[in-house]
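Visitor: I am attaching a structure below and will ask some questions about it afterwards.
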Amino acid sequence: MSHSVGQVAGFAGITVRTLHHYDEIGLLAPSERSHAGHRRYSDADLDRLQQILFYRELGFPLDEVATLLDDPDADPRAHLRRQHELLSARITRLQQMVTAVETAMEAKRMGINLTPEEKFEVFGDHDPDQYAEEVERRWGDTEAYAESQRRAASYTKEDWKRLTAELDAIHARMAGLLAAGHAPDSPEAMDVAEEHRLFITARYYGCGHELHTCLGDMYVSDPRFTATYEAVRPGLAVYLRDAIHANAARARVKGDSGAEGAEGAKGA
């Protein structure tokens with residue numbers, strides 16, 4: 001089966017002009033031509049295009065992409081290994097951004113007393129203030145917001161570094177439980193969810209179980225949060241939300257049991 005240039009552009013989410021350019025520079029020449037001279041692309045051409053777009057996404061110049069794909073000594077398995085290495089490096093970088101993104105969504109001006117150089121040292125190339133207006137609009141009239149502002153204003157560069165490392169460790173433990181096959185309502189997962197809640201309470205604002213479940217829901221409903229958690233481990237956003245909900249349910253059961261025990265003692 002062969003495909004027209006318009007069909008291929010639609011499949012790949014690129015322009016017809018881009019395909020023409022790839023043909024002109026010899027990077028992706030269509031295997032066939034119609035009787036009218038129109039370009040027709042085979043399935044093998046589509047496989048090559050997928051490789052081209054992958055390397056372009058990673059920032060490779062077109063001449064380097066051509067070298068990678070046209071080397072007669074290249075092993076397809078070696079290409080896959082290289083892709084894996086590049087993706088792993090990107091995931092590692094995204095993991096480093098998770099904490100900065102999450103904290104920025106919860107406070108108006110994270111690291112308000114940091115210089116631009118200090119912010120870059122702590123958060124890398126992620127701008128922790130980019131969500132400031134949205135955060136103030138959504139939560140500016142809440143006590144939690146006011147409390148987070150008071151605390152954030154007092155934190156130093158070293159404080160932010162320590163907080164980042166602490167939250168990274170919590171995320172890593174939750175991702176490890178997901179990888180090991182623990183259910184989100186397992187005691188282990190609920191314990192890490194509780195650790196997450198207590199971290200927020202200790203470092204930013206009082207976070208009860210009801211508020212914590214709202215945050216968990218936001219991690220899934222807001223694609224920006226979802227993307228950062230998925231970068232740590234696929235499925236982590238939903239897993240963390242479910243563990244948070246399970247932990248809140250466990251707390252309610254404990255509370256009910258305590259209340260029943262108190263009533264029984266009073267009756268006795």
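The values are calculated or read from the model by the stated rules, or taken from the named source; none is laboratory data. Not measured: the values here are computed from a predicted model. Positions of Cβ are backbone-derived with ideal geometry, glycine not excepted, and every protein chain shown enters the neighbour counts.
Visitor: Go through region 4-32 and give me each residue that's touching a strand residue (DSSP E or B) at 6+ places or on another chain (Cβ under 6 Å) and of a type outside the set (A, V, I, L, M, F, W, C).
Guide: Initially, region 4-32 is screened for residues touching a strand residue (DSSP E or B) at 6+ places or on another chain (Cβ under 6 Å), giving 5, 8, 30, 32.
The answer is P30, E32.
Visitor: When A74 is evaluated against the numbered criteria (1) exposed (fewer than 12 other Cβ atoms within 10 Å of the Cβ); (2) at pLDDT below 75; (3) not charged (D, E, K, R), which criterion, by number, is the only one it fails?
Guide: The single condition A74 does not satisfy is (1).
Visitor: Quick one: how many residues across region 187-220 are touching a residue at least 12 places away in the same chain (Cβ under 8 Å), over 11 Å from A248 (Cβ atoms) and either hydroxyl-bearing (S, T, Y) or touching a strand residue (DSSP E or B) at 6+ places or on another chain (Cβ under 7 Å) (or both)?
Guide: Number of matching residues: 3.
Visitor: Same structure again: Looking at (1) among the small types (G, A, S); (2) in contact with a helix residue (DSSP H, G or I) (Cβ under 8 Å, 6 or more places away or on another chain); (3) within 23 Å of K161 (Cβ to Cβ), which one does A202 not meet, given that it meets all the others?
Guide: Status for A202: all satisfied but (2).
Visitor: To continue, here is another question. Taking D242 and the conditions (1) part of a helix (DSSP H, G or I); (2) modelled with pLDDT under 95, which numbered condition does it fall short on, given that it satisfies the others?
Guide: Looking at each condition in turn, D242 falls short on (2).
Visitor: Same structure, new question: Using the structure shown, decide if I91 is farther than 29 Å from V5 by Cα and either modelled with pLDDT of 50 or more or not hydroxyl-bearing (S, T, Y) (or both).
Guide: Spelling it out, I91 is indeed farther than 29 Å from V5 by Cα and either modelled with pLDDT of 50 or more or not hydroxyl-bearing (S, T, Y) (or both).
Visitor: Something else about it: Going residue by residue through region 53-70, is there one that turns out to be β-branched (V, I, T) and assigned to a helix (DSSP H, G or I)?
Guide: Within region 53-70, one or more residues are β-branched (V, I, T) and assigned to a helix (DSSP H, G or I).
Visitor: I'd like to verify a number: residues in region 13-48 that are more than 17 Å from R82 (Cα to Cα) and outside any loop (DSSP other than H, G, I, E, B), how many?
Guide: Residues flagged as more than 17 Å from R82 (Cα to Cα) and outside any loop (DSSP other than H, G, I, E, B) within region 13-48 amount to 18.
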